[in-house]
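Peer 1: Just dropping this structure here.
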Amino acid sequence: MEEHYATVLAPFYTWSLIGDDFGAAVDTEVQRFKDLCPAIPDLAGADALDLGCGSGLHSLALAKLGMRVRGVDLCQQLLDEMAQHASDLGLSVTAARGDIMNPAIWTEGSDGATQPAVITCMGDTLSHLGSIQEVEAFLASAYPQLRQDGMLLLSYRDQEVELVGPARVIPVRSSPTRIHTCFLEFEPEHIHVNDIFHQFDADSQAWTQHVGGFTKLRITTSLVITALEAAGFEIQAQNTYGGMSYVCATPLH
């Protein structure tokens, strides 16, 4: 997974995820957070932790909501990109490179005196964990880190329905100079993802192909809800935006 991001996906990651207007995508996520969790604007000034932050889409949405944000990711190239996006948008975030399965990295370099009011784990991050047991352990680790009046926000692709035949070929995004196509191979608990990128070089007037693949967990809503409840969370809201399932959960008192 880490090698795939470093050698194939990272240069295309943000464009593939949201296109060319990063600021507009951040505004969209701000609105989704407000829609899912109407109380989230009240947490302005509080600490937030974005685990698996990538190039900062959700970290910067939280920052735009007035929070002090720490983003954690394994890919240094994406963390550097997040810093550039933050600068471009006049926002401030703190970045930490590390494995989100290591809770020590969540607070490394901080005074540890303040628990985050919001923890987010968005996009495909949950599916990048090594097993269902790791998902359960990750959510259990998040519970004691979160303020008791705080909230945990998750998003993921619900892969309960297996795609078959040509439906497994996903036209992710295209532009006059870039094309991203994805081919999925389903297994009972995993999905093998084959990423195929084509990029046009104006100097040579030729297309180049970049191909890579990785295996991810097959995440379903029932799996996520069961793991959240087992970890001590109460589900407050669920919705679907842009093909992604979003969940807001709070510690059960």
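Read the figures in this text as sums done on the coordinates, not as results from a lab. The structure displayed is predicted, hence computed values, not measured ones. Counting neighbours? That spans all protein chains shown, and the Cβs are built from the backbone with ideal geometry, glycine included.
Peer 1: Once you place label points 7 Å from the Cα toward the Cβ at Ser175 and Asp99, how far apart are they in nm?
Peer 2: Using points 7 Å along Cα→Cβ, the separation is 3.5 nm.
Peer 1: Work the Kirkwood hydrodynamic radius out for the chain: mean of 1/r over every pair of different alpha-carbon atoms, inverted, in Å.
Peer 2: When all Cα pairs of the chain are included, the Kirkwood radius is 18.8 Å.
Peer 1: Rank-order 60-68, 180-188, 149-157, 161-169 by packing density, defined as the average count of other C-beta atoms within 10 Å over each peptide's residues, highest first.
Peer 2: 60-68, 149-157, 180-188, 161-169
Peer 1: Still on this structure, I have one more. Testing the spin-label approximation: label points 7 Å from Cα along Cα→Cβ at Glu160 and Glu185. State their distance in nm.
Peer 2: With each label point 7 Å from Cα toward Cβ, the separation is 2.7 nm.
Peer 1: Here is a follow-up. Relative contact order for the chain using alpha-carbon pairs under 8 Å, separation at least 6, rounded to a whole percent?
Peer 2: Dividing the mean separation by the residue count of the chain yields 17 percent.
Peer 1: Pairwise over distinct Cα atoms, reciprocal of the mean inverse distance: report the Kirkwood radius of the range 1-124 in Å, one decimal place.
Peer 2: Kirkwood hydrodynamic radius for the range 1-124: 14.6 Å.
Peer 1: Residues with amide H under 5 Å of Asp158's amide H, sequence separation 5 or more or different chain, H placed in the peptide plane at 1.01 Å from N; which?
Peer 2: Excluding prolines and chain starts, which carry no amide H, the hits are Ser245.
Peer 1: Another one. Using 7 Å Cα-to-Cβ label points, what is the Lys34/Asp203 separation (nm, one decimal)?
Peer 2: Distance between the two pseudo-spin positions: 4.5 nm.
Peer 1: Between Asp201, Asp88, Asp80, find the one with the highest GNM mean-square fluctuation for the chain; connect C-alpha pairs within less than 10 Å.
Peer 2: Ranking Asp201, Asp88, Asp80 by mean-square fluctuation puts Asp201 first.
Peer 1: Set the Förster distance to 25 Å, then compute FRET efficiency between Thr215 and Ala83 from the Cβ-Cβ distance, nearest 0.05.
Peer 2: With R0 = 25 Å, the Cβ-Cβ based efficiency is 0.25.
Peer 1: Through the Karplus equation 6.51 cos²θ - 1.76 cosθ + 1.60, θ set to phi - 60°, convert the phi angles of the range 133-150 into ³J(HN,Hα) values in whole Hz; use x for Gly and Pro.
Peer 2: For the range 133-150, the Karplus-derived couplings read 5, 5, 4, 4, 5, 4, 5, 5, 5, 5, 4, x, 7, 8, 4, 5, 9, x Hz, x marking Gly and Pro.
Peer 1: Once the other residues with Cβ under 13 Å from the Cβ of Pro11 are scored (Lys, Arg +1; Asp, Glu -1), what is the net sum?
Peer 2: -2
Peer 1: Also, quick follow-up: Between Gly243, Gly213, Gly52, find the one with the highest GNM mean-square fluctuation for the chain; connect C-alpha pairs within less than 10 Å.
Peer 2: Gly243
Peer 1: OK, next. How much FRET efficiency would the formula 1/(1 + (r/R0)^6) give for Asp20 and His192, where r is the Cβ-Cβ distance and R0 is 22 Å, rounded to 0.05?
Peer 2: 0.15
Peer 1: Which whole-Hz ³J(HN,Hα) couplings does the range 51-62 yield from phi under the Karplus relation 6.51 cos²θ - 1.76 cosθ + 1.60, θ = phi - 60°, glycine and proline marked x?
Peer 2: Along the range 51-62, the couplings run 9, x, 6, x, 8, x, 3, 7, 4, 6, 5, 5 Hz.
Peer 1: Which far-off residues, 5 or more places away or on another chain, put their amide H under 5 Å from the one on Cys75, with H placed in the peptide plane?
Peer 2: Counting only residues 5 or more places away or on other chains, the set is empty.
Peer 1: Which ³J(HN,Hα) values in Hz, rounded to whole numbers, follow from the phi angles of the range 158-170 under the Karplus curve 6.51 cos²θ - 1.76 cosθ + 1.60, where θ = phi - 60° and Gly and Pro get x?
Peer 2: 6, 9, 4, 8, 6, 7, 10, x, x, 5, 6, 8, 10
Peer 1: Which value in deg cm²/dmol, rounded to the nearest 500, describes the helix-derived mean residue ellipticity at 222 nm for the chain, given -39,500 (n - 2.57) per DSSP H run of n ≥ 4 and division by the residue count?
Peer 2: -8500 deg cm²/dmol
Peer 1: Based on the mean of other Cβ atoms within 10 Å per residue, sort peptides 89-97, 26-34 so the most packed one is first.
Peer 2: In descending order of packing, they fall as 26-34, 89-97.
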